[in-house]
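Inspection log for the structure reproduced underneath, given as structure tokens.
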């Protein structure tokens, strides 16, 4: 748990604000984010690269709330985006387009054209076909496209299969052995400039060896491209540094950078700037999800705490069998073996399963910790449930930064045709 969250005399706090005060005013379920925790994590990563020409790009997909993005932009971060919607958010939040990198295997024409229009720093190209499309659209609109080749170093990050992106069978990236041939083709294009190499092997990485191996492989490609005359100005080492949800021994940003510093320093002497894309490490421990117990139930020899938050609000436990620490907002509750489940009509709708949980009474508040990354950003309206509110805390001040959806929002844009 980040030290921005702690128990005081009046219960669990975020910075200098009592969480029960937020729940009483805004209701539940509600996501709460700590401005101080966001800044602390960003500064820790940025300082780890001290002595290297670098830029930390925040992975917008982790948490794309406009106020969170605005805070990161104010710290000096760049933005790693994977969709046109994220590009729109990044621009609304005040990111410098020259600090935006655009990844993703399936960028549409509209997305590529939007990136060209904003004159973003780099497109991380993931296939020969995408490169051809980018050349055609850039020529059509009188633009130049700056690109990195996203390579697949064929290194398994030893993390969950759903968030492993750098192994040979992944849909992401270009095999290293094919990247050189594709780079030579770029020389035939009039509107594309190859100035970078990009890699990203996965998320929630807790072991340094696979990361170091992938960086070493990709760096060899950078050297070879330079040898062939390409002006490689950027080497994007990806992101994915893990956080502690339960008992993981995740390396610190400094430990990560120190493990690959000799490689990065060698590239830096050749004028190559290092980029990284961190999302979870910045946002994960900065957020919690507040929920209220609405029923207690015993069935099949098990205890169930039924909360007003469900899998549509926080999907990670159902999707990844992920662990989030559950804390009572009012400290001192005894523990009871139970499942914390939501109201969604799915057997997979659980937030914590077969755990010793706070022995909460009906009406008690619980906080699911480390929920700032891939929490709200993966939320949905499944079962026609309005998505939760979001709150940002800074010191002793707090504000709603996304209003709770209303029932009318559920049918916004839906039409009943006249022939019905």
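A short reminder: the numbers here are calculations on the coordinates, not readings from a lab. All of these numbers come straight from a predicted model, not from anything done at the bench. Using ideal geometry, Cβ is built from the backbone for each residue, glycine included, and neighbour counts are taken over all protein chains shown.
Ordered by the count of other Cβ atoms within 10 Å of each Cβ, fewest first, 197, 101 give 101, 197. Counting 0.36 nm for each residue step from residue 143 to residue 418 and taking away their Cα separation leaves a gain of 94.6 nm.
Within region 359-402, what residues put their amide N at less than 16 Å from the label point 7 Å along the Cα-to-Cβ vector of residue 333? Answer for region 359-402: 359-370.
With the convex hull of its Cα atoms as the shape, region 171-273 has an orientation-averaged projected area of 7.5 nm².
Averaging Cα coordinates gives a centre for region 222-280 and one for region 117-133; these two points are 21 Å apart.
Each residue in 28, 269, 206 was given a count of other beta-carbon atoms within 10 angstrom of its own, and listing them fewest first yields 269, 206, 28. Each 5 Å bin from zero up to the one holding the largest Cα-Cα distance in region 1-119 carries the following percent of pairs: 2, 10, 18, 17, 16, 13, 11, 7, 4, 1, 0, 0. Indicate the gyration tensor shape class of region 64-278 (rounded, prolate or oblate), computed on the Cα atoms with a ≥ b ≥ c the square roots of the eigenvalues: a/c under 1.5 is rounded; otherwise a/b larger than b/c is prolate and the rest oblate. The shape class here is oblate.
Region 1-31 and region 324-362 have Cα centres spaced 18 Å apart. Projecting label points 7 angstrom from Cα along Cα→Cβ for residue 66 and residue 190 puts them 4.0 nm apart. Projected label points at residue 6 and residue 105, each 7 Å from Cα along the beta carbon direction, are separated by 4.5 nanometres. Here's the picture: a label point sits 7 Å out from the Cα of residue 356 along the beta-carbon direction, and within region 1-45 the residues with their amide nitrogen under 19 Å of it are 1. The order of 267, 314, going from fewest to most other C-beta atoms within 10 Å of their C-beta, is 267, 314. Stretching residue 254 away from residue 306 to a fully extended chain increases their span by 14.6 nm, per 0.36 nm per residue minus the current alpha-carbon distance.
If you plug the beta carbon distance of residue 212 and residue 180 into 1/(1 + (r/R0)^6) with R0 = 25 Å, you get a FRET efficiency near 0.65. Computed over the chain, relative contact order equals 19 percent, with contacts defined as Cα pairs under 8 Å that lie 6+ residues apart. Candidate values (i) 95, 44, 37; (ii) 68, 62, 43; (iii) 85, 48, 47 were compared with Cα extents along the principal axes in Å computed on the shown model; the agreeing label is (ii). Spin-label model, residue 88 to residue 136: label points 7 Å out along the Cα-to-beta-carbon direction sit 2.5 nm apart.
If you plug the beta carbon distance of residue 410 and residue 378 into 1/(1 + (r/R0)^6) with R0 = 22 Å, you get a FRET efficiency near 0.75.
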